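Here is the structure we will look at, set down as structure tokens.
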Amino acid sequence: KGFDFSVTEVGGEVHVIIRNYDFPESYTPRIADLLIVIPAGYPNAQLDMFWTYPDVKRTNGVWPQACENHQVYGDRNWQRWSRHLPNPWRPGVDSLRSFLAAVQKEINKGI
């Protein structure tokens with residue numbers, strides 16, 4: 001898809017950071033880094049939630065639903081988007097690609 005990304009192994013996890021990820025006009029800022037944490041056991045283990053840096057809010061200044069919490073990964077305090085997508089996880093069918101499509105669908109909701 002032409003993403004500018006990095007992949008880092010941290011303990012038993014893999015962190016994928018997509019830099020300069022575009023957000024719809026209902027959010028501010030419109031560009032942020034997107035973190036996906038891939039757990040040990042993937043692709044059988046489910047991908048869960050995603051994170052952004054810097055914080056992304058709706059243009060009315062309100063946090064998106066279930067996005068008020070933060071977690072430190074590396075040297076950044078990432079905004080956690082508490083989403084459980086897709087649910088249930090289908091090993092052998094779902095992947096980073098299908099998870100990213102679910103992330104984009106969720107972001108496009110603007111809530």
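Before moving on, here are some points about what is shown:
- Scan the stretch 29-42 for residues that are within 20 Å of Lys105 (Cβ to Cβ) and in contact (Cβ under 8 Å) with a residue 12 or more places away in the chain and the total you get is 7.
- Meets criteria (of a type in the set (Asp, Glu), open to solvent by 60 Å² or more (accessible area, probe 1.4 Å), closer than 15 Å to Leu96 by Cα and free of Cβ contacts under 8 Å to residues at least 60 places away in the same chain) for Glu25: no
- Residue in the stretch 68-84 that is open to solvent by less than 40 Å² (accessible area, probe 1.4 Å), touching a Cys at 6+ places or on another chain (Cβ under 8 Å), in contact (Cβ under 8 Å) with a residue 12 or more places away in the chain and in a strand (DSSP E or B) present: yes
- Leu47 being touching a strand residue (DSSP E or B) at 6+ places or on another chain (Cβ under 7 Å) and at pLDDT below 95: yes
- Count of residues meeting criterion [open to solvent by less than 70 Å² (accessible area, probe 1.4 Å), under 15 Å from Tyr42 (Cβ atoms) and either part of a loop (DSSP other than H, G, I, E, B) or among the polar types (S, T, N, Q) (or both)] in the stretch 85-111: 6
- Just one of (1) touching a Pro at 6+ places or on another chain (Cβ under 8 Å); (2) at pLDDT 95 or above fails for Ile18. It is (1).
- For Lys1, the conditions (1) open to solvent by less than 50 Å² (accessible area, probe 1.4 Å); (2) within 15 Å of Gln104 (Cβ to Cβ); (3) not hydrophobic (A, V, I, L, M, F, W, C) are fulfilled apart from (1).
- Selected residue (criterion: least open to solvent (accessible area, probe 1.4 Å)) from residues of the stretch 28-53 that are part of a strand (DSSP E or B) and among the hydroxyl-bearing types (Ser, Thr, Tyr): Thr52
The values are calculated or read from the model by the stated rules, or taken from the named source; none is laboratory data. Everything quoted here is computed from the prediction, not taken from an experiment. A quick note on method: Cβ atoms are made from the backbone with ideal geometry, for glycine too, and the neighbour counts reach across all protein chains shown. For the accessible areas, the whole protein counts, side chains as well, though only heavy atoms, and no ligand, DNA or RNA atoms are used. Shrake-Rupley method; radii C 1.70, N 1.55, O 1.52, S 1.80 Å.
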